[in-house]
Amino acid sequence: EEKTPQTIERFRDYFDRALPFLRYAPMIFISALEGTRVHTLLDMVIHVAENQHRSLSEEQLAPILEKLNTIIRPRATNVRKNKKPKIIFHAFVQEEGIPPTFLLRVNLPKDVPPALLPICERELREQFDFDGTLIKIMLQK
């Protein structure tokens, strides 16, 4: 297929649709034949390795914890006779290891809405550079 200015964008769209779980991974389009962008590959590998070793303090994570406590709106459940559970996030800390793993300490882990973890991941990616790195977030009582 002949390359056009839209070729890379079409490939990006295709990969985003086919592999949505890898959206955090950067894409570099290189040509070994022409040597196009080959020099950027090693720079990207180094950048991703640095991001995998990124360590954040509890103080750096505090604004995310505060935001999570303001946006949580649990739904009423029949188990509690239509009373909404009071979910409180107590701490947000990073564990050692690769990939970066975070513990979100909460009083009622089972009542945390599933959509909250992707929001938390998005906040981490927006506030800190985690390009190319998987982020694990676990709930803990």
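Coordinate-derived values only; no laboratory data. Note that the structure is a prediction, hence the values are computed from the model and not measured. When we count neighbours, we look across all protein chains shown, and the Cβ atoms used for this are built from the backbone with ideal geometry, even at glycine.
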Task: region 1-63: trypsin sites (Lys or Arg not before Pro) in DSSP loop, at most 16 other beta carbons within 10 Å - done: 3, 23, 37, 54
Task: Label assignment, volume of the Cα convex hull per residue in Å³ derived from the structure, set (1) 139; (2) 84; (3) 124 - done: (1)
TODO: Helix by helix through the chain, keep the DSSP H runs that span 15 Å or more along the axis on Cα and average at least 0.0 on Kyte-Doolittle, and give those back in order.
DONE: 38-52
Task: Contour minus Cα-Cα distance for residue 34 and residue 19 (0.36 nm per residue) - done: 2.7 nm
Task: Residue-averaged [θ]222 nm for the chain, counting only DSSP H segments that reach four residues, each worth -39500 (n - 2.57) - done: -12000 deg cm²/dmol
